[in-house]
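Data first, discussion second: the structure below is written as structure tokens.
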Amino acid sequence: MKTTTNLVLVMLLSFGQQLFAQDITFDATVEDRIIFTHEARFFDSGGEDGRYSNYEDREVTICSENGAPMFVRFEQFNLESGKDFLYVFDGADMSALEVIGSPFTGLYKKPVEIQSSDRCLTFRMTSDFNVMRSGWVASIESILEPIPEPALAQE
């Protein structure tokens with residue numbers, strides 16, 4: 001009985017983590033902030049289905065809650081080529097080194113997968129005054145699973 005109860009508890013906790021994954025939209029609400037997460041979906045300022053805005057120049061840092069390196073997988077990426085850019089820095093601010101390939105732009109010079117060497121990645125997005133594209137959709141997760149809270153023993 002105890003094994004069944006623990007199994008159900010683990011399943012509920014796993015389901016809850018997947019159900020409540022954080023969404024991070026790269027807009028004024030996250031600008032110049034550090035966000036700690038284990039797992040998130042990451043969008044440009046237009047959100048999942050919209051276009052980003054003109055005259056953007058925003059920065060956000062995303063760090064893992066558990067200290068593990070971060071892994072980002074871009075599912076969609078479309079910025080105006082040579083005019084709008086996503087810079088990705090391997091650390092907690094823009095003084096860190098840029099990841100290989102950064103800055104990313106257009107449809108063809110785009111990131112696919114990025115892994116941090118530490119617990120944080122910093123993103124900076126700039127756009128000009130003219131063309132707005134669909135932006136990006138990415139998933140972010142820490143590489144190591146967080147240590148779960150110990151289950152309370154039932155007597």
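The values are calculated or read from the model by the stated rules, or taken from the named source; none is laboratory data. Everything numeric in this text was worked out from a predicted model, so none of it was measured. In this analysis, Cβ positions are derived from the backbone assuming ideal geometry, glycine residues included, and neighbour counts consider all displayed protein chains.
Taking the condition of being loosely packed, with under 14 Cβ neighbours inside 10 Å and modelled with pLDDT of 90 or more, how many residues in segment 114-155 meet it? Going through segment 114-155 one residue at a time, the tally reaches 3.
All told, G67 falls short of being more than 25 Å from D118 (Cα to Cα) and either at pLDDT 90 or above or in contact with a strand residue (DSSP E or B) (Cβ under 9 Å, 6 or more places away or on another chain) (or both). Scoring G46 on the criteria (1) at pLDDT below 90; (2) surrounded by fewer than 13 Cβ atoms within 10 Å (Cβ to Cβ); (3) more than 13 Å from the chain's Cα centre (by Cα) leaves a single failure, condition (2). Pairing each residue of segment 37-51 that is under 17 Å from V72 (Cα atoms) with any residue that is aromatic (F, W, Y), provided the two are 6+ apart or on different chains, yields C-beta distances under 6 Å for D44/F26; D44/Y52; D44/W136. Here is a check on your reading of the model: is E75 more than 14 Å from F123 (Cβ to Cβ) and either of a type in the set (K, R) or not in a loop (DSSP other than H, G, I, E, B) (or both)? Taking the combined requirement at face value, the residue satisfies it. Across segment 92-107, a minimum of one residue is classified as of a type in the set (A, V, I, L, M, F, W, C) and either in contact (Cβ under 8 Å) with a residue 40 or more places away in the chain or under 16 Å from E141 (Cβ atoms) (or both). Applying the condition of being acidic (D, E) and in contact with a strand residue (DSSP E or B) (Cβ under 6 Å, 6 or more places away or on another chain) to segment 7-31 and asking which residue is modelled with the highest pLDDT yields D23. Here T61 meets the list (1) within 13 Å of the chain's Cα centre (by Cα); (2) surrounded by fewer than 17 Cβ atoms within 10 Å (Cβ to Cβ) almost entirely, failing just condition (2).
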